[in-house]
Amino acid sequence: MDDIDLLIDLHGEAERQGPGGEAQTRLTITLSGLSGRKNLTIADIGCGTGASTITLASSLDAHITAVDFLPAFLTTLNERARAAGVAERITTLAASMEALTFAPASLDAIWSEGAIYNLGFETGIRSWRPFLKPDGILAVSELTWLSDRRPAELEDHWLEQYPQVATASAKMALLEEHGYTPLGYFPLPELCWMDNYYHPMQARFEAFLAKHEGSAEARAIVEAERLEIGLYERFSAFVSYGYYVAQKRPD
Ligand code: SAH
């Protein structure tokens, strides 16, 4: 098994593949101002097994294209959508977020939870903007420093993992620079990391390691997750995902 297959095995059955929460997705829907609008066209990019997709489909009068490059996650998403009674509102699309083919100015909104980092925040907000209608909404969560200073150990770790980690004010300046008006920002609370993401993952470690006994790659994956969880537990006052809701400024 290569690393991707191991990651699918560790995360594929999970409700979510990154920090987040249903209440937090609902809050971004409120901030977006889209509630009550009819017949919306939305993309959920890097949707994983669809936690946010299903909340969007249940909350808005919308058709949602759920995009991820891992078809295994999309299969699970479709099963969950059927179980939630929202399958007819969702189309899954196995594609890379780097090469999306939505028509120009065709989307009322783009949501993306815990995924834009794969492209890099700045490249993501720049390259996805043409797909939005002139007043379209962008709602993305992104690794964010919660203050202007932080312990070196935490800073060193995240700067190595994701050099674009920055404060909310820096992220909002980028949104403004790239043709968006910020409508709202909030950091995800600790329960989005611990209760919704890390604890369920920790509960899967033992079975995962037993299944892949002897795989150095599997052990390395678990070790890296444990290191990240340990850092978060010690330093959650300094880092989170920020959820940013912004509106495209017409060209
Ligand atoms: N939004 C989901 C998943 C977040 S994890 C949630 O919050 O639960 C990041 C997701 O991005 C994974 O599902 C991963 O498969 C997907 N991904 C990573 N790189 C990608 C790429 N280049 N194109 C499309 N999807 C990608």
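Determine whether G12 is buried (at least 16 other Cβ atoms within 10 Å of the Cβ), closer than 21 Å to V245 by Cβ and either near the ligand (Cβ under 9 Å from one of its atoms) or small (G, A, S) (or both). Judged against the criteria, G12 is not a match. Close contacts from the range 2-27, counting a first residue that is touching a residue at least 12 places away in the same chain (Cβ under 8 Å) and a second that is assigned to a loop (DSSP other than H, G, I, E, B) and more than 9 Å from the ligand (Cβ to nearest atom), with Cβ to Cβ under 6 Å and a gap of 6+ residues or different chains, come to P19/L188; Q24/L188. The residues of the range 103-120 that are buried (at least 24 other Cβ atoms within 10 Å of the Cβ) and among the aromatic types (F, W, Y) amount to a single one, W111. Sub-8 Å Cβ pairs linking a first residue in the range 67-79 that is touching a residue at least 12 places away in the same chain (Cβ under 8 Å) and among the hydroxyl-bearing types (S, T, Y) to a second residue that is outside any strand (DSSP E or B) and within 10 Å of the ligand (Cβ to nearest atom), at least 6 apart or interchain, are T76/G12; T76/T49; T76/G50, ordered by first then second residue. Of the residues T144, T167, the single one that is at negative phi and surrounded by fewer than 21 Cβ atoms within 10 Å (Cβ to Cβ) is T167. In the range 192-209, the residues that are at pLDDT below 95 form no Cβ pair under 8 Å with any partner that is assigned to a helix (DSSP H, G or I), whether six or more places apart or across chains. Filter the range 52-108 down to the residues that are within 16 Å of the ligand (Cβ to nearest atom) and touching a Pro at 6+ places or on another chain (Cβ under 9 Å), then identify the one that is nearest to L34 (Cα to Cα). Looking at residues that are within 16 Å of the ligand (Cβ to nearest atom) and touching a Pro at 6+ places or on another chain (Cβ under 9 Å), I get F102.
Out of all the residues in the range 30-42, which are touching a helix residue (DSSP H, G or I) at 6+ places or on another chain (Cβ under 7 Å) and buried (at least 21 other Cβ atoms within 10 Å of the Cβ)?
Residue satisfying the conditions is I42 alone.
Pairs linking a residue in the range 117-133 that is of a type in the set (A, V, I, L, M) to a residue that is within 11 Å of the ligand (Cβ to nearest atom), with Cβ atoms under 7 Å and 6 or more positions apart or on different chains, are L119/M97; L119/E98. Screening L93 with (1) touching a residue at least 60 places away in the same chain (Cβ under 8 Å); (2) closer than 30 Å to V165 by Cβ gives one miss only, at (1).
Taken as a whole, the condition of being loosely packed, with under 13 Cβ neighbours inside 10 Å, modelled with pLDDT of 95 or more and over 18 Å from Q17 (Cβ atoms) applies to E233. For the range 78-97, state whether one or more residues are crowded, with 17+ Cβ neighbours inside 10 Å, under 17 Å from the mean Cα position of the chain (by Cα) and charged (D, E, K, R). No; the residues of the range 78-97 include none that is crowded, with 17+ Cβ neighbours inside 10 Å, under 17 Å from the mean Cα position of the chain (by Cα) and charged (D, E, K, R).
The values are calculated or read from the model by the stated rules, or taken from the named source; none is laboratory data. Note that the structure is predicted; figures quoted are calculated from it, not measured. Quick reminder, even Gly has a Cβ in these numbers, built from the backbone with ideal geometry, and neighbours come from all protein chains shown.
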